[in-house]
Each structure stands twice: as structure tokens, then as C-alpha cells.
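**Q** I have a structure I would like to understand better, so I am pasting it below and will then ask my questions one at a time.
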Amino acid sequence: MVSYSELGFVNTKKMFKDAMDKGYAVPAYNFNNMEQLQAIVTACTRTQSPVILQVSKGARNYANQTLLRWMGQGAVEFMKEIASNENLKEIPIAMHLDHGDSFELCKSCVDMGFSSVMIDGSHLPYDENVSITKQVVDYAHKFDVSVEGELGVLAGIEDDVKAEKSTYTDPNAVEDFVSKTGVDSLAIAIGTSHGAYKFKVKEGEMPPPLRFDILKEIEKRLPGFPIVLHGSSSVLQEYVQLINKYGGNLEGAVGVPEDQLRRAAKSAVCKINIDSDGRLVMTAKVREVLWTKPKEFDPRKYLGPARDELIKMYERKNREVLGSAFKV
Ligand code: G3H
Ligand code: 13P
Ligand code: ZN
């Protein structure tokens, strides 16, 4: 059992209170490798933004759970070094399990020193979601680890977002869920979805707007309670175009417009999850280098430019979309 505070992490309690008070959202960026982690920490330290480092079950399988945890710990030391060298304040960093799907996985992350875990029972019948979420909360709270739960199912590409009302979070259920489980934050479904193909739209058409009416109803039922948005990549078209230009094929990739996220960040939405945008940036730059410099074979020569571009993208997100820059 390792205590997250010994590793230099914080839980999300103070982060979310500050985000709520000041009308911004804390970025929750996923990482699976060193370059993504370096970029997230560099961008968030330079823009003086709190950050939630997200690790999925898939990331643990890909990179090894022990190595990832040590990378998270290393990220705190790396942040301190940047802050000291560049005369900046140190930023709060939370280490979070993204989409935990079992009590055992959540417990393993708590025991390894994560400061926050998500138990995603959103696909389960309501009572089972309540039951597994409460089980995780009861364990995690013994160690002051934050817990995120989820109600409502995020739409996928196959769903007709406008028609499938049942996939949105039911505002009538949120009070009951939060009081029965004791979660610290709640992920909701208001029209975002995971991945790079969020909406089926015709050329020149805008994706359907997020359901701010549902968000408002939820805020009424849970005043001052931290809300989380998953599936919040904007699928930045400049990178989609670069990928397609240099041999890729991501036709029809569409995300959530950034102005919608900016609006959400000013509300009770305190955490915004972004993974796919980072994947797109990385793929675009790696493709560009390999395509334009076919003799290149040193990974530092293509992962380095990808990392530099990621830093730019995350800095801009913090400043222009989440509003989290210069809030520490
Ligand atoms: O919401 C899911 C995240 O983008 C993580 O994706 O499970 O492929 O690591 P992953
Ligand atoms: P995107 O696929 O939109 O980046 O969503 C990421 C996410 O929700 C991670 O939990
Ligand atoms: Zn998610």
C-alpha cells in the first residue's frame, strides 16, 4: 500500500472546488507513453494549470501497471524541475484511473498510489451501478482517494444522437445515485462520445449541439457538485488533414466543437477528458516526418516533433478551451 500524497499527487477535491468557484474545467489527459506524459506535464506546468493524468486499463496493459505508476511519480519530479528552472509555481497533479471496470482494478490503483479512480458502471443496470460504485467509494475513501462514477451511456458512432434520448443521463436519477454511492464527481452523457468519429455529419454540417438543457437540470438537482465530461476531443481537423495528406485515412472524423466545451467548462463541469486529440496530433506529426524524411530511422527524430506539437496543442486547450491556464 502506497499513499498517493507520499508520491506528490493530490486528490481531486480541492481541484474541483477551485474549478467550480472560478468557472473552468481541469484537463484530464490520457497517457500511455513517455512522450505523451512529458508533453502533458510540460504544457500544464508552463500554462500553470492543474492536471489530471489519466491511465486506462488499456494503458496499464500496454505500458505495464508498475512502470506507469512510476512514470506518474516521475512526472511530479519532472514538473518540479520545470517549475524551478522556469521560475513557475508548482502545479497540482492527480493520478487517475480512467474507466475502471471492476472493484479489483480500482483497488489495485488505490493500493498503488493513485489519488483518484473512476468506476464506470454506466453500462450496468442502475442498481448494479450503484452497488459497485458504492463498493469502490467505501474502499477508496478510507485512503482519501477521490471516486468518479458515471450515469448515462455515451453515444457511439452507430447511435443517432438526436433520437437516442435513453442514452443521455436522466436528471431525475442523479441525486439518488450520488447520495447512495457517495461519489465525489459524476460523469454524465449529454451528447459527447469517445473516439475520433463522434457524429455522422454531412460535409459542411455542424455536429448536434451538446444537451445543455440536461446539464442545467442536473446542476439544479446537484448544486455545486462536480460534473465530468468524457469523450471531449474536438478531433482537430488540421491534424486529421495532415494524417490524410501523409498516407492515413480518417475520412469523416468529427469531434465536439471547442466553443461547446468552453461553455461547459464555465458550468458545473469541472473535469474534461481528452485523449483522441492527443492521439491525432502524435499520429499526424509522426506521419509527416516519416513521409517527408524517408531516410529517418531514429525514433527521437519523429517522436520529438510529435511531442513538441502535443505541448502546443495542450497549452492551447488549457488557455482557450478549458480556461484552466494560470489558475494555480
Ligand atoms: O475513454 C477512453 C480513453 O480514450 C482510453 O482509451 O481504453 O484505448 O486506452 P483506451
Ligand atoms: P476522447 O476520445 O473524446 O478523447 O475522450 C477521452 C475520454 O473520455 C477518456 O476517458
Ligand atoms: Zn472516457
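**Q** What is the set of long-range amide H partners of S116 at a cut-off below 5 Å, with H atoms built 1.01 Å from backbone N?
**A** So S116 has HN proximity to M95, L97, S146.
**Q** Name the most mobile residue of I93, I311, I82, meaning the one with the largest mean-square fluctuation, in a Gaussian network model of the chain with Cα contacts below 10 Å.
**A** Taking springs between Cα atoms under 10 Å, the residue moving most is I82.
**Q** What does the charge add up to near H230, with Lys and Arg as +1, Asp and Glu as -1, over the other residues with Cβ less than 10 Å from its Cβ?
**A** So the environment of H230 carries a net charge of -4.
**Q** At 222 nm, what helix-only mean residue ellipticity would the chain give, in deg cm²/dmol to the nearest 500, using -39500 (n - 2.57) for each DSSP H run of four or more?
**A** Estimated from H runs of four or more residues: -14500 deg cm²/dmol.
**Q** Can you list which of the trypsin sites (Lys or Arg not before Pro) found in the stretch 279-309 are DSSP loop residues with at most 12 other C-beta atoms within 10 Å?
**A** For trypsin sites (Lys or Arg not before Pro) across the stretch 279-309 that sit outside H, G, I, E and B with at most 12 neighbouring Cβ atoms in 10 Å, the list reads K295.
**Q** What's the extension gain from K142 to E6 if we count 0.36 nm per residue and subtract their Cα-Cα distance?
**A** 47.4 nm
**Q** In addition: Normalise the Cα radius of gyration of the chain by 2.2 N^0.38 Å (N = residues in it) and let me know the number.
**A** 0.96
**Q** Checking the cross-link filter: which lysines have an alpha carbon closer than 25 Å to that of K80, excluding same-chain neighbours under 8 positions apart?
**A** Result set, ordered by chain and number: K13, K14, K17, K22, K89, K271, K312, K317, K327.
**Q** Would you mind classifying the stretch 3-53 by shape? Square roots of the alpha carbon gyration tensor eigenvalues, ordered a ≥ b ≥ c; an a/c under 1.5 is rounded, otherwise it is prolate if a/b is larger than b/c and oblate if not.
**A** oblate
**Q** Connecting C-alpha atoms closer than 10 Å in a GNM of the chain, tell me which of T292, T283, T42 has the biggest fluctuation.
**A** T292
The numbers here are math on the coordinates, done by the rules we state, and not lab data. Keep in mind the model is a prediction, meaning the values are calculated, not measured. Methodologically, a virtual Cβ is constructed for each residue, glycine included, from the backbone with ideal geometry; neighbour enumeration extends over all protein chains shown.
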